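Written out below as structure tokens is the structure these notes cover.
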Amino acid sequence: MATKQHYIEDVEIGSEIGPLEKNPTTQQLVKYAGASGDFYQIHYDKDFALANKLPGVILHGALKNAFLGQLVTDFAGELGWVRKLSVQYRGMDQPGSKVVCRGKVAKKYTEHGHHLVDCDIWLENAKGEKTTPGSATVILPSRSAR
Amino acid sequence: MANKIVTDEARKQIGRTGEIRTYEVERGAIRRFAEAIGDSNPLFNDELASRNTRFGGMIAPPTFYRSMGSPIPNVDLPGMGSQFRGLDGGSDWEYFHPIRVGDRISVQSRLADLRESEGRLGPMVFIVMETTYTNQFGEVCATQRSTAIRY
């Protein structure tokens with residue numbers, strides 16, 4: 001598999017997750033609308049978005065959720081599992097500008113025989129503003145208990 | 001201060017459920033979703049490469065569930081005028097089992113919470129839906145709590 005497998009022994013509180021850079025375009029928003037079935041016009045119809053007092057078309061919150069999902073499934077790897085994922089849409093993002101997903105390990109613990117890490121995750125815009133903060137709980141494999 | 005829109009009477013709607021909708025998960029739908037979000041993880045794209053993993057085949061990415069909508073229960077808020085605008089506040093997901101190609105996923109939403117707070121522009125209403133995704137074996141694969149904001 002393509003991504004590097006992380007094991008519980010490899011991570012400490014403060015360990016960084018990502019970054020994962022994305023460069024969403026209007027075309028990607030159209031693809032996402034088609035794949036998800038969310039056809040709200042503010043995501044691909046500029047006139048409609050402007051008439052709704054938006055600066056232009058904006059990213060689907062759920063697409064940013066998907067980007068953060070990729071951040072944590074990449075981190076979990078094939079042997080891990082994303083147990084929880086939370087996102088809050090605090091700010092709008094527009095296509096044509098990069099966004100970066102990042103995260104940090106906040107807690108490391110064992111529960112029901114699983115090695116877990118709680119992570120703070122977020123998506124930031126090109127100015128470094130966290131428009132979409134969130135959190136995740138990931139089960140990681142152990143190098144010893146196999 | 002008493003709520004203007006989310007009254008005690010309105011809160012009695014909490015627990016209302018919507019209709020169940022069932023989806024059959026197609027390989028092409030997973031691939032198309034992964035492509036749309038730009039995620040090239042072989043687990044979501046490559047059947048052959050996924051066959052040798054512990055999953056034994058392709059699975060869906062964690063937000064693929066967004067492509068399986070279900071009708072939300074009616075929420076009657078007579079105090080909320082038509083000038084109210086809506087936005088997606090966010091989602092809290094829990095994942096218990098993977099979704100595989102060929103799974104039949106039943107989706108149902110339930111009104112989990114109704115709240116009101118006073119914002120800069122007047123009252124803000126928070127409508128929390130909890131959606132449960134259950135596979136053909138009766139296993140809950142995931143739950144999503146999503147918050148819609150009206151202001």
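The values are calculated or read from the model by the stated rules, or taken from the named source; none is laboratory data. Note that this is a predicted model, so its numbers are computed, not measured. All Cβ positions, even for glycine, are placed from backbone atoms using ideal geometry, and neighbour counts span all protein chains on display.
None of B:E26, B:E9 is under 30 Å from B:L114 (Cβ atoms) and either more than 12 Å from chain A (Cβ to nearest Cβ) or modelled with pLDDT of 95 or more (or both) except B:E9.
Kindly indicate whether B:M58 is more than 16 Å from the chain's Cα centre (by Cα), within 13 Å of another protein chain (Cβ to nearest Cβ) and in contact (Cβ under 8 Å) with a residue 40 or more places away in the chain. Yes. Reported count of residues in the stretch B:71-103, each being within 13 Å of chain A (Cβ to nearest Cβ), in contact (Cβ under 8 Å) with a residue 60 or more places away in the chain and not in a loop (DSSP other than H, G, I, E, B), is 4.
Here is a yes/no grid of residues against (1) surrounded by 20 or more Cβ atoms within 10 Å (Cβ to Cβ); (2) in contact with a Leu (Cβ under 6 Å, 6 or more places away or on another chain); (3) among the basic types (K, R); (4) at the interface with chain B (Cβ under 7 Å from one of its Cβ atoms):
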position	(1), (2), (3), (4)
A:A33	no, no, no, no
A:A51	no, no, no, no
A:L59	yes, no, no, no
A:L71	yes, yes, no, no
A:Y89	yes, no, no, yes
A:M92	no, no, no, no
A:G96	no, no, no, no
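Among the residues of the stretch A:105-142, those that are surrounded by fewer than 22 Cβ atoms within 10 Å (Cβ to Cβ) and in contact with a helix residue (DSSP H, G or I) (Cβ under 8 Å, 6 or more places away or on another chain) comprise A:K108, A:H115, A:T131, A:I139, A:P141, A:S142.
Please verify whether the stretch A:75-83 includes one or more residues that are within 18 Å of A:V11 (Cβ to Cβ), out of contact with any Lys or Arg (no Cβ under 6 Å at 6 or more places or on another chain), within 13 Å of chain B (Cβ to nearest Cβ) and part of a helix (DSSP H, G or I). Checking the stretch A:75-83: at least one residue is within 18 Å of A:V11 (Cβ to Cβ), out of contact with any Lys or Arg (no Cβ under 6 Å at 6 or more places or on another chain), within 13 Å of chain B (Cβ to nearest Cβ) and part of a helix (DSSP H, G or I). B:R51 meets all of the listed conditions (1) surrounded by fewer than 18 Cβ atoms within 10 Å (Cβ to Cβ); (2) within 9 Å of chain A (Cβ to nearest Cβ); (3) more than 18 Å from the chain's Cα centre (by Cα) but one, namely (2). Only a single item in (1) at negative phi; (2) crowded, with 19+ Cβ neighbours inside 10 Å; (3) not aliphatic (A, V, I, L, M) is not met by B:G90, and it is number (1). Taking the criterion of being surrounded by fewer than 19 Cβ atoms within 10 Å (Cβ to Cβ) and either assigned to a loop (DSSP other than H, G, I, E, B) or of a type in the set (S, T, N, Q) (or both), the residues of the stretch B:109-131 that qualify are B:S117, B:R120, B:L121.
For the structure I just gave you, tell me whether A:Y40 is under 26 Å from B:T147 (Cα atoms) and at pLDDT below 95. Working first, answer last.
Numbers: under 26 Å from B:T147 (Cα atoms): yes; at pLDDT below 95: yes.
Answer is yes for this residue.
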